[in-house]
Amino acid sequence: MKIKKLNQFPKNFLWGASSSAFQVEGAWNEDGKGLSIQDVPKKDIAGWIDRSKVSDYKVASDQYHRYKEDFALMAEMGFKAYRFSIAWTRILPDGVGKVNPLGIKHYHDVIDELLKHNIEPIITLFHFDMPYALEQQGGWSNRDLIVDAFVNYAKILFKEYGHKVKYWLTINEQNMLAMVGDLFGLTNSQESSNRWQNISKINHNILIAQAKVINELHLTNKNAKIGPAPNIAIYYPKTCHPEDVLASKNAQALMHWYYLDVAVRGQYNNIVWKFLEQENALPEFRKDDEQIFKNGKPDFIAFNYYTSGTVEKALDVAVTTRGDQQNMFDVPGMYKATSNDFLNKTKFNWTIDPVGLRTTYRELYDRYQLPLLVTENGLGSPDELTKDFKVHDDYRIEYLKAHILETRKAISDGIPIIGYCPWSAIDLVSGYQGVNKRYGFVYVNRDEFDLKDLRRIRKDSFYWYQEVIKNNGNNIE
Ligand code: BG6
């Protein structure tokens with residue numbers, strides 16, 4: 001629909017940005033922190049990134065020590081919210097057992113500092129950093145271990161910080177974690193030679209753990225709100241050939257509804273169920289599982305959106321090519337990933353599709369009728385620092401502006417969107433491609449292996465975003 005008159009952004013819209021603990025904090029072994037899987041990364045990830053060529057997370061952006069300076073910069077931009085994750089291993093160095101008082105204190109300090117600036121903390125419980133001690137026992141694959149461990153960890157956080165924190169996110173990108181976590185070294189799912197059995201088991205365990213944690217927060221804190229944070233994007237059919245259209249429906253089912261239908265409706269998606277049945281990979285349901293799902297429904301859906309995906313008719317066997325979405329692999333019998341001829345790409349080969357964001361809002365809201373929150377969106381680029389210490393990142397401004405405009409259009413479509421937190425507040429270490437894939441509004445003066453002075457430098461996008469927030473986004477038209 002062509003919008004004749006754009007609506008205003010809501011009054012209390014949560015303008016901010018995001019990060020995750022292992023990518024921004026550093027201090028990997030300080031103040032009693034235990035090892036997470038990110039502290040012992042595998043050398044070769046998915047056979048396409050050589051870890052020895054990109055920096056590790058030991059220092060990252062050093063936010064652990066510099067959070068006051070970073071939050072002052074966020075306040076200067078006018079942030080209303082900051083989405084960050086808590087490192088499980090700072091709270092419980094071994095994932096279970098002894099609590100680390102210094103870890104508890106650190107996040108009290110972090111939250112207090114944000115609140116001092118009137119910045120709402122939005123806390124992700126888990127962002128790809130499984131305690132190493134738990135991973136060695138199977139991590140997300142080991143239901144008897146992981147569900148109780150995760151609930152115990154969440155209870156500690158809710159008890160400590162619940163009176164200060166209104167917005168909680170359960171698991172970052174559950175769909176990527178379950179689907180490609182093994183390829184990216186995020187999960188330990190080599191148990192069966194049937195890949196779908198591994199995926200199905202991990203995914204079911206995460207869903208159970210998530211529902212229990214949601215229920216726990218609802219029972220103990222009437223003011224707080226909690227939701228999942230998957231990676232969601234429209235999957236286009238390559239053509240209007242009916243088989244391509246069917247493939248796009250299959251892709252949406254497997255990449256999105258597999259997770260969200262259970263989280264929001266308490267039921268597995270029927271297409272995915274049939275697919276898993278054929279793959280001999282149905283999840284093992286225990287006696288109370290249905291009830292657990294019913295008791296643990298979210299208050300909103302947070303989601304990460306970078307690019308859309310495009311698919312075509314499924315093949316019978318897997319091939320090695322990739323589509324536009326780097327995390328998307330062909331699923332024989334369901335869809336084949338391909339590229340979209342209508343979209344431009346970033347320097348890192350990710351497609352740029354702001355209109356796809358509006359369509360994604362609409363799909364999500366049509367299906368679930370829950371408020372939506374963007375917890376990641378952004379453009380990774382090897383920004384250049386000029387001799388006079390400036391970063392002219394007009395390409396980032398252009399990307400964000402287009403996505404904010406589509407967000408405004410989606411609000412005008414009648415969709416309740418509560419906030420926009422792009423990736424990332426300040427530069428941090430990318431998930432797989434090192435420091436020089438930068439996303440922040442603030443430049444962190446370090447290279448891949450040379451830590452330099454880690455000085456914070458405001459990019460052009462910093463001043464631009466400041467203006468956007470000052471105008472509550474209504475200057476974007
Ligand atoms: C999301 C993750 O998938 O994408 C982040 O939640 C990640 O952790 C972000 O950093 C961008 O991906 P990348 O690989 O460019 O860092």
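Looking at the chain, the accessible area is 40 square angstrom per residue; that uses a 1.4 Å probe and ignores ligands, DNA and RNA.
When the C-alpha to C-alpha distance is required to be over 18 Å, the pairs from 387/437; 68/105; 80/437; 166/401; 212/274; 159/222 that qualify are 387/437; 80/437; 166/401; 212/274. Over region 88-146, Cα pairs under 8 Å with separation of 6+ residues give a relative contact order of 34 percent.
As a fraction of the 1.4 Å probe accessible area of the chain, surface on carbon and sulfur atoms comes out at 50 percent.
Counting only DSSP beta bridges with both residues in the chain, what percent are antiparallel, rounded to the nearest 5?
Numbers: 13 of 44 bridges.
Among the beta bridges of the chain, antiparallel pairing accounts for roughly 30 percent.
Only helical DSSP H runs with n ≥ 4 go in: add -39500 (n - 2.57) per run for the chain, normalise by residue count and round the 222 nm mean residue ellipticity to 500 deg cm²/dmol.
Details: 14 runs with 167 residues, N = 477.
About -11000 deg cm²/dmol.
For the chain, the Kirkwood hydrodynamic radius comes to 22.5 Å, computed from all pairs of different C-alpha atoms.
With the Cα gyration tensor of region 318-431 giving a ≥ b ≥ c as the square roots of its eigenvalues, does the rule (a/c under 1.5 for rounded; else a/b larger than b/c for prolate; else oblate) give rounded, prolate or oblate?
Oblate.
Across the chain, the mean sequence separation of Cα contacts (distance under 8 Å, 6 or more residues apart), normalised by length, yields a relative contact order of 18 percent.
Peptides 365-377, 417-429 ranked from most to least packed by the mean count of surrounding Cβ atoms within 10 Å: 417-429, 365-377.
The values are calculated or read from the model by the stated rules, or taken from the named source; none is laboratory data. Model, not experiment: these values are computed from the prediction. Positions of Cβ are backbone-derived with ideal geometry, glycine not excepted, and every protein chain shown enters the neighbour counts. In case anyone asks, the SASA skips ligands and DNA or RNA and just uses the protein heavy atoms, side chains included. Shrake-Rupley method; radii C 1.70, N 1.55, O 1.52, S 1.80 Å.
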